[in-house]
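Down below is the structure, laid out as structure tokens.
The values are calculated or read from the model by the stated rules, or taken from the named source; none is laboratory data. This structure is a prediction, so every number in the text was calculated from the model and none was measured. Because the Cβ atoms are built from the backbone with ideal geometry, glycine has one as well, and the counts that use them run over all protein chains shown. What goes into the accessible areas is simple: the full protein's heavy atoms, side chains included, and nothing from ligands, DNA or RNA. Shrake-Rupley method; radii C 1.70, N 1.55, O 1.52, S 1.80 Å.
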Amino acid sequence: MEALKAENLSKKFRIFHQPPLTLQKVVYNLFHRKQLYQDLWALEGVSFSLQKGEALGLIGPNGSGKTTLLRVLAKIYSPTSGRVRIKGRLAASLELGSGFLLEFTGIENLYLHGAIFGLSRRRIAGKIAKIAEFAQLEDFLDVPLRQYSFGMRMRLAFALIVNIEPDILLIDESLAVGDLAFRQKCFARIEELKSQGTAFILVSHNTQEISRLCDQVIWLEQGRIRSCGDTDRIIEEYEQAMRVK
């Protein structure tokens, strides 16, 4: 069963190279037809589908469009052209902890973000203990987040995202949170969710993570799909190309 489908997605950003101009300079530039910006296509014609219970890896060099694609899928960015069809509840782990309020306690942030993801207060309350145990923060939920370390905030954010039972989960370079034991717990939880039918899209520069978790891989380069298909084959092609570079 199809969980997500991207159809010919493109995203353009307008990049300005000069500071704000005076009115005199604006008139001069208009008169001389001088262009002060360039159009940067971060994505061009990206199409793929994701099935229920499938994990898709996104690989590519920095600036290839991986994070932009996730943000379009998560509706943080609107596509310049193309469309996305999503079936079910989507959760995104793009910048872990970026939406947390530091003056709120851990439990207050969990209620707030659970509501953002569409969960009722009663349903969130039923998950608090599990989230706290997963994040190893049972004794800190009544503490304001400004007193948390960076690692504690990251663990809380990831524990929330993998315990709200989304239908589709987008993960951007966030499996490196915590120590080795916590990372192994994250892998185990993702594999458990996958077995239950959750679909994943994972962005990572760590090809071992991609190889372990993903059924298919898309290799992005300069906003376009350079290659896609079987995980081991695409990773081998990608690593060989990176060694040549």
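Brief remarks on what is shown
- Net charge of the neighbourhood of Ala55, taken over other residues with C-beta under 10 Å away and scored Lys/Arg +1, Asp/Glu -1, is -1.
- Residues whose amide H lies under 5 Å from that of Lys52, counting only those 5 or more places away or on a different chain, are Glu2, Ala3; hydrogens are built 1.01 Å from N in the peptide plane.
- Here the chain has an Rg and Dmax of 20.6, 66 Å, counting Cα atoms alone.
- Förster radius 25 Å - calculated FRET efficiency between Ile76 and Glu108, Cβ distance, rounded to 0.05: 0.60
- Measuring against 20 Å, Cα to Cα, the residue pairs Lys87/Lys130; Lys11/Lys87; Lys12/Lys245; Lys5/Lys87; Lys52/Lys185; Lys12/Lys66 contain Lys87/Lys130; Lys11/Lys87; Lys12/Lys245; Lys52/Lys185 as the ones spanning a longer distance.
- Working from Cα pairs under 8 Å separated by at least six residues, relative contact order for the chain is 27 percent.
- Solvent exposure of the chain amounts to 54 Å² per residue of accessible area, where only protein heavy atoms count and the probe is 1.4 Å.
- Student exercise, the chain dipole from Lys, Arg, Asp, Glu Cβ charges, in Debye to nearest 20: 1020
- Phe187 paired with Phe117, simple spin-label distance in nm, labels 7 Å along Cα-to-beta-carbon: 2.3
- FRET efficiency, Lys5 to Ala125 (Cβ-Cβ, R0 25 Å, nearest 0.05): 0.15
- Net dipole in debye of the stretch 131-236 [+1 Lys, Arg Cβ; -1 Asp, Glu Cβ; about Cα centre; nearest 20]: 260
- Accessible surface of the chain, 1.4 Å probe, proportion on carbon and sulfur as whole %: 50
- Arg146-Trp41 FRET efficiency (beta carbon distance; Förster radius 30 Å; 0.05 resolution): 0.15
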